[in-house]
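Data block below; observations after.
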Amino acid sequence: MNTLSRLSATAAASLLSLIGMAQAQSSVTIYGAIGLDVLSASKVYNPTLGTTKSVAKIEDNAIVNSRIGIKGVEDLGGGLKAVFDLESSIAPDTGAARAAFWNRGAYVGLAGDFGSIKLGHQWNVADDYMGNYFVFGYYSPFLMTGFFALSDYYDNAIKYNSPNWGGFEGGLYYSAGEKAGMKSAGQKVQGAATYTVGMFSIGLTAFQEKDPFGVYKGNTMYAGGLSYDFGVLKARLGLASSEVNYLLAGGASTDVGAFKAKLFDIGLDVPITAAAAVSVDYVKKDVDNSPDGTGFTRVRASYALSKRTSLNANLIFSRNMGNADFAFVTEGNGFAGLPGQKQTLVTAGITHSF
């Protein structure tokens, strides 16, 4: 082999090596989940007709919301990585996208030994940690007015998550209102932290949001939780309080009559076998200085057919007291049902992740 051939071979080998290194240091992954439930609900309120009736339908899974996403990571050296994620929810019963296409996440950031910091549309930090204490999934306390911030996502956000320091983890979250001439209007600030030692865990979160139109006093929420894993079962307790001064409706902030509310969640998670599990939660919301309140019991069973595919079922009983009008299933009216309404839901479905 002559000198030129040797140089060409060396250059080719070096190029292939660099390509291999680049591929090893960067990755882009398409991922997602799809799930559907058969649902039967009693006393579903129709605000147009002013009547209630039973409904049976097929809809998105209550636990693993259907989604598709693209995420990536690039190794920048020295333990520093660039990360991004774009995630969209879908309605598999109709094939339609839900709301904005990347509604479940659209962010870019850096991660390393310091933790991670990300910018964009993303879930809050309570969503990262409070699921260890409160029941999550669709039939959950964060659907109740005043407690949305237990799990929600916002635009224009900066989010920091710490690494695990001897059992401690935490996060900070800021969402800018971006209102010209109104510096704090619409901004949201949240902090959350958990500490785990052995089988015991404790967590706290605090949240404040400002009226985006600068008319009303802002809303606040505080929550905490405890859990202990006994092996044969895991016991959970979540407590939260909120002060609500406005809600958004029809593109404007609306005075709802300032109120304070408290909420608690008592739950048990019971592994039956390596594949089967049952969880039970009782959740109660009470409005201060009022007979208004809503309570519901949820029982969930799941069975893993594989690491990616599971069968699941839910049984939910809810009841309103006083003038509370919450309902999990309604027709065309959000979660607003009727005072005194009782509702029973039964679901059974299948989920698959990829």
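The values are calculated or read from the model by the stated rules, or taken from the named source; none is laboratory data. Quick caveat: nothing in here was measured; it's all calculated off a predicted structure. Here the Cβ is made from the backbone with ideal geometry for all residues, glycine too, and neighbour counts use every protein chain on show.
Of all residues in region 90-116, how many are within 17 Å of the chain's Cα centre (by Cα), assigned to a loop (DSSP other than H, G, I, E, B) and on the phi > 0 side of the Ramachandran plot?
1
Please specify each residue of region 78-89 satisfying the condition of being part of a strand (DSSP E or B) and loosely packed, with under 14 Cβ neighbours inside 10 Å.
To start, the set of residues in region 78-89 that are part of a strand (DSSP E or B) comprises 80-89.
Passing the criteria: only Leu80.
Among the strands (runs of 3 or more DSSP E) contained in region 227-334, which hold 3 or more residues that are under 21 Å from the mean Cα position of the chain (by Cα) and either of a type outside the set (Gly, Ala, Ser) or buried (at least 19 other Cβ atoms within 10 Å of the Cβ) (or both)? Quick ask: steps written out before the conclusion?
Details: elements: 234-244, 247-249, 252-254, 259-271, 276-287, 293-304, 309-321.
It comes to 234-244, 259-271, 276-287, 293-304, 309-321.
Taking the options Val55, Val44, Val28, Val73, name whichever one is surrounded by fewer than 16 Cβ atoms within 10 Å (Cβ to Cβ), assigned to a strand (DSSP E or B) and β-branched (Val, Ile, Thr).
Values: Val55 fails: surrounded by fewer than 16 Cβ atoms within 10 Å (Cβ to Cβ); Val44 fails: surrounded by fewer than 16 Cβ atoms within 10 Å (Cβ to Cβ); Val73 fails: surrounded by fewer than 16 Cβ atoms within 10 Å (Cβ to Cβ).
Result: Val28 is the single residue among Val55, Val44, Val28, Val73 that is surrounded by fewer than 16 Cβ atoms within 10 Å (Cβ to Cβ), assigned to a strand (DSSP E or B) and β-branched (Val, Ile, Thr).
With the checklist (1) buried (at least 21 other Cβ atoms within 10 Å of the Cβ); (2) over 19 Å from Gly224 (Cα atoms); (3) at pLDDT 95 or above in hand, flag the one item Tyr160 doesn't pass.
Evaluating Tyr160 over (1) buried (at least 21 other Cβ atoms within 10 Å of the Cβ); (2) over 19 Å from Gly224 (Cα atoms); (3) at pLDDT 95 or above leaves (1) as the failure.
Which of the residues belonging to region 198-215 are assigned to a strand (DSSP E or B) and charged (D, E, K, R)?
Of region 198-215, the ones assigned to a strand (DSSP E or B) are 200-209.
If the condition is that a residue be assigned to a strand (DSSP E or B) and charged (D, E, K, R), then Glu209 is the only one that fits.
Does Val64 satisfy the criteria of being under 20 Å from Ser140 (Cβ atoms) and modelled with pLDDT under 90? Even if it seems obvious, please write down each step before you answer.
Numbers: under 20 Å from Ser140 (Cβ atoms): yes; modelled with pLDDT under 90: yes.
Criteria met by Val64.
Kindly provide the set of residues from region 123-157 that are among the β-branched types (Val, Ile, Thr) and either closer than 19 Å to Leu226 by Cβ or in a strand (DSSP E or B) (or both), ordered by number. Lay out the reasoning, then the answer.
Filtering region 123-157 for residues among the β-branched types (Val, Ile, Thr) gives 125, 135, 145.
Within region 123-157, Val125, Val135 qualify.
What's the total number of residues in region 158-177 that are under 12 Å from Thr194 (Cα atoms) and either among the aromatic types (Phe, Trp, Tyr) or in a strand (DSSP E or B) (or both)?
Taking region 158-177 first, the residues under 12 Å from Thr194 (Cα atoms) are 161-171.
Keeping just the survivors that are either among the aromatic types (Phe, Trp, Tyr) or in a strand (DSSP E or B) (or both) gives 161, 165, 168-171.
Residues flagged as under 12 Å from Thr194 (Cα atoms) and either among the aromatic types (Phe, Trp, Tyr) or in a strand (DSSP E or B) (or both) within region 158-177 amount to 6.
Against the condition at pLDDT below 95 and closer than 20 Å to Thr194 by Cα, how does Pro141 come out, does it pass? Lay out the reasoning, then the answer.
On the way: at pLDDT below 95: yes; closer than 20 Å to Thr194 by Cα: yes.
Yes.
Being modelled with pLDDT of 95 or more and in contact with a strand residue (DSSP E or B) (Cβ under 9 Å, 6 or more places away or on another chain), is that true of even one residue in region 92-106?
Step one: list which residues in region 92-106 are modelled with pLDDT of 95 or more, which gives 106.
Restricting the remaining residues to those that are in contact with a strand residue (DSSP E or B) (Cβ under 9 Å, 6 or more places away or on another chain) gives 106.
Yes, some residue in region 92-106 is modelled with pLDDT of 95 or more and in contact with a strand residue (DSSP E or B) (Cβ under 9 Å, 6 or more places away or on another chain).
Could you tell me which residue of region 75-128 is nearest to Asn61 (Cα to Cα), considering only residues that are of a type in the set (Ser, Thr, Tyr) and touching a residue at least 12 places away in the same chain (Cβ under 8 Å)? Full working, then the answer.
Let us first name the residues in region 75-128 that are of a type in the set (Ser, Thr, Tyr), namely 88-89, 94, 107, 116.
Going one step further and asking which of them are touching a residue at least 12 places away in the same chain (Cβ under 8 Å), we end up with 88-89, 107, 116.
Details: Ser88: 15, Ser89: 12, Tyr107: 25, Ser116: 30 Å.
This residue is Ser89.
Out of region 335-354, which residues are outside any strand (DSSP E or B) and over 18 Å from Phe148 (Cβ atoms)? Reasoning before the result, please.
Here is the first cut: in region 335-354, the ones outside any strand (DSSP E or B) are 335, 337-341, 354.
Leu338, Pro339, Gly340, Gln341, Phe354 - these are the residues of region 335-354 that are outside any strand (DSSP E or B) and over 18 Å from Phe148 (Cβ atoms).
Is it the case that Leu143 is surrounded by fewer than 18 Cβ atoms within 10 Å (Cβ to Cβ) and closer than 21 Å to Thr347 by Cα? Show your work before the answer.
On the way: surrounded by fewer than 18 Cβ atoms within 10 Å (Cβ to Cβ): yes; closer than 21 Å to Thr347 by Cα: yes.
Criteria met by Leu143.
Tell me, please, whether a residue that is under 17 Å from the mean Cα position of the chain (by Cα) and at pLDDT below 95 can be found in region 188-209.
Scanning region 188-209 turns up no residue that is under 17 Å from the mean Cα position of the chain (by Cα) and at pLDDT below 95.
Quick one: Ile266 ticks every box in (1) β-branched (Val, Ile, Thr); (2) more than 30 Å from Tyr303 (Cα to Cα); (3) touching a Gly at 6+ places or on another chain (Cβ under 9 Å) bar one, so which box is it?
Only one criterion is unmet by Ile266, namely (2).
Go through region 138-184 and count every residue that is within 16 Å of the chain's Cα centre (by Cα) and among the small types (Gly, Ala, Ser).
The number of residues fulfilling the criteria is 6.
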